[in-house]
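Student: Input: one structure, supplied below.
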Amino acid sequence: MPETDNKPTNKGDEITSLDETKIYLPEAQDFNDYEFTAIAQNSNTRQNFYIEELSGDVINDALYQRDIAVCERLNIKFNFVSETDRGTVTNKVKSAVLADDEAYDLVINSLSDGMNMLTASGLLYDLKNIPYLTLDSELWNSSMLDNMTMGGKLYFTTGSLSATYYKTPIVMAMNQRVAKNYNIDDIYETVLSGKWTVDLLHKLTADISQDLDNNSKMDENDFYGLAFDGTFGNVLFNSSGVDSVENGMLAIDSERAVSVVQKLSSLFGNRDIYFNDKIGTGISADIFRNGNALFTTYTITGIVSGFRDMEDDFAIIPSPKYEESQDKYYTTCNTWLPSGIGVPMNCSDPSRTGLIMETMAYYSNQYVAPAVYETTLRGKVARDDSSSIMLDIIYENAYFDLVTAMNLNETATLLRDCALGEKENYVSEYQKIKNGAQDALDKIIEGVN
């Protein structure tokens, strides 16, 4: 039996150290043609499984190569259950666990509309108690381990095992033509120097909005320095590095957190200056695509699908720091895309599951990461060498926040609305929902449904 401290047990030739971060290929075992069943939200645009064998699509083919490598190494078969609707994934897993039917070994789904509900219902296995998973390695997102651990337990994570994970970072795009018109200095150098902040974003965008159709109101037909959707409020708050949970207690009303929300609201709350596509209909992206915004914010996957054929050149940059003194940029990741990875609570063989998952993650890092990152992002989205350097910065600190992911008693919604000035009186409004939000977190921590 393997050790239970989540470390590889075979230190011989079967383990390959890739670099100083110590990514290991775990030991090989013969699982006698075991059928490993994974269920996920999966589609052409939100892909976690291969759609067809060697289709010519680089991501699809990388997933297929990964699966072949895992099957050959461990003597297993994969049974992939693909659902286009994330609610269907959640309901199927819920029904199976409640019936004590071990129908699924692995689940991949949205954090904010899937994994959160399975966690709150006590239907997921503590990943820290699954052998072989190196949750602190480069194969798995580090912010998940830091921010999603509740009561010492981690019910879901993400990382290279999910191809969609690479599409979750929320980034900023800057129209190079418009920037030149406004004599904006080299934005890449600004980022590299550490001077890209929310204050500078406001300075560059506050005075350039224009009523293009002269109808005396600012709407989607006009020009903006910055167009965003509602999630940008969470992005800006996370950019401050404020911990939303401390010692099991929600901390988004700490003195620091309140100060951040109030400042952000004062900077980005004016709708005569900034366009907010509050419910995410895609209008803000259209404004930018049409050349009518200097900046916008969007997920990497949105840029891949939406801006590739844009006439104007654009720069890809990380979201700004809250203040220049910070030592890094935090890249908030979209929690609605199906990147969350978990194991159903009724797992009967955690050692087998953990070894298969870790091997999948290892080969995903070998095959899928290069396909997404190098071929798709660097080759098709990044329009110059500097954009490629920005991608390195973006992925280096891909960040998931518990409040953003779980939205306990609508805390994430309130936070983003107040940070963007859509709702006032943050402190008093938060007091109305604070107890309910803390109760929800306490129940998860205590394991109470």
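Student: Could you order peptides 130-139, 366-375 by the average number of other Cβ atoms within 10 Å of their residues, highest first?
Tutor: Ranking the peptides 130-139, 366-375 by packing returns 130-139, 366-375.
Student: Here's something else I'd like to know. Rounded to whole Hz and in sequence order, give me ³J(HN,Hα) for region 136-149 from the Karplus expression 6.51 cos²θ - 1.76 cosθ + 1.60, θ = phi - 60°, writing x for Gly and Pro.
Tutor: In residue order, the calculated couplings are 9, 9, 5, 5, 10, 5, 5, 5, 4, 4, 6, 9, 9, 6 Hz.
Student: Right, next: Give me the percent of the accessible area of the chain that comes from carbon and sulfur atoms, probe 1.4 Å, all protein chains in place.
Tutor: Carbon and sulfur: 42 percent of the exposed surface of the chain.
Student: Sticking with this one: Compute the orientation-averaged projected area for region 182-313 from the convex hull of its Cα atoms and round it to one decimal in nm².
Tutor: 9.8
Student: Nothing charged except the Cβ atoms of Lys and Arg (+1) and of Asp and Glu (-1): what's the magnitude of the dipole of region 173-318 about its Cα centre? Round to the nearest 20 debye.
Tutor: Dipole size: approximately 180 debye.
Student: Can you give me the C-alpha center-to-center distance between region 300-341 and region 129-186, rounded to a whole angstrom?
Tutor: Taking the Cα centre of region 129-186 as reference, the centre of region 300-341 is 10 Å away.
Student: At 25 °C and 0.890 mPa s, what whole-number value in µm²/s does Stokes-Einstein give for the translational diffusion of region 142-254, with Rh from the Kirkwood sum over Cα pairs?
Tutor: Reported coefficient: 138 µm²/s.
Student: What order, most packed first, do the peptides 44-51, 140-147, 158-165, 209-216 have when packing is the mean number of other Cβ atoms within 10 Å of each residue?
Tutor: Order by mean packing, descending: 158-165, 140-147, 44-51, 209-216.
Student: Something else now. Short version: ³J(HN,Hα) in whole Hz for each residue of region 309-324, in order, from phi by Karplus 6.51 cos²θ - 1.76 cosθ + 1.60 (θ = phi - 60°), x for Gly and Pro, what are they?
Tutor: 9, 5, 5, 6, 6, 9, 9, 9, 9, x, 4, x, 5, 6, 8, 4
Student: Let me spell out the model: positive unit charges on the Cβ of Lys and Arg, negative unit charges on the Cβ of Asp and Glu, origin at the Cα centre of the chain. What dipole size does that give, in debye rounded to 20?
Tutor: 500
Student: Another question about this same structure. Whole-Hz ³J(HN,Hα) for each residue in region 398-413, computed from phi via Karplus 6.51 cos²θ - 1.76 cosθ + 1.60 with θ = phi - 60°, x for glycine and proline: what do you get?
Tutor: Couplings: 4, 10, 10, 10, 5, 4, 4, 6, 8, 6, 4, 6, 6, 5, 5, 5 Hz.
Student: Excluding ligands, DNA and RNA, what is the solvent-accessible area per residue of the chain at a probe of 1.4 Å, expressed in Å²?
Tutor: Value returned for the chain: 41 Å² of accessible area per residue.
Student: Return the long-range amide H neighbours of Val81 (sequence gap of 5 or more, or a different chain), with a cut-off of under 5 Å between placed amide H atoms.
Tutor: Under 5 Å from the amide H of Val81: Ala38, Ile39, Ala40.
Student: Still on this structure, please answer the following. Using the alpha carbon gyration tensor of region 192-233, what are the three equivalent-ellipsoid semi-axes (square root of 5 times each eigenvalue), largest first, in whole Å?
Tutor: Values for region 192-233, descending: 25, 13, 7 Å.
Student: If you look at just the Cα atoms of region 306-385, how large are its Rg and its Dmax in Å?
Tutor: So, for region 306-385, Rg and Dmax equal 18.3, 54 Å respectively.
Student: Going by amide H atoms built from the backbone, whose H comes under 5 Å of the H on Ile23, apart from near neighbours?
Tutor: Residues meeting the amide H criterion: Leu18.
Student: Let me ask another. Sorted from largest down, what three extents in whole angstroms do the Cα atoms of the chain have along their principal axes?
Tutor: Largest first, the chain extends 71, 50, 38 Å along its Cα principal axes.
Student: Out of Leu294, Phe307, Ser193, whose Cα points farthest toward the positive end of the dipole of region 184-322 (charges: +1 Lys, Arg; -1 Asp, Glu; placed on Cβ)?
Tutor: Farthest towards the positive end: Ser193.
Student: Considering amide H positions built from the backbone, and no H for Pro or chain starts, which residues 5 or more places from Ala293, or on another chain, come under 5 Å of its amide H?
Tutor: For Ala293, the qualifying residues are Tyr224.
Student: Another question about this same structure. Distance in nm between label sites at Asn183 and Ile51, each 7 Å beyond Cα in the beta-carbon direction?
Tutor: With each label point 7 Å from Cα toward Cβ, the separation is 4.9 nm.
The values are calculated or read from the model by the stated rules, or taken from the named source; none is laboratory data. Bear in mind that the values here come from a model prediction, so they are computed numbers and not experimental data. Because the Cβ atoms are built from the backbone with ideal geometry, glycine has one as well, and the counts that use them run over all protein chains shown. Just so you know, the surface numbers come from the protein's heavy atoms only, side chains and all, with ligands and any DNA or RNA stripped out. Shrake-Rupley method; radii C 1.70, N 1.55, O 1.52, S 1.80 Å.
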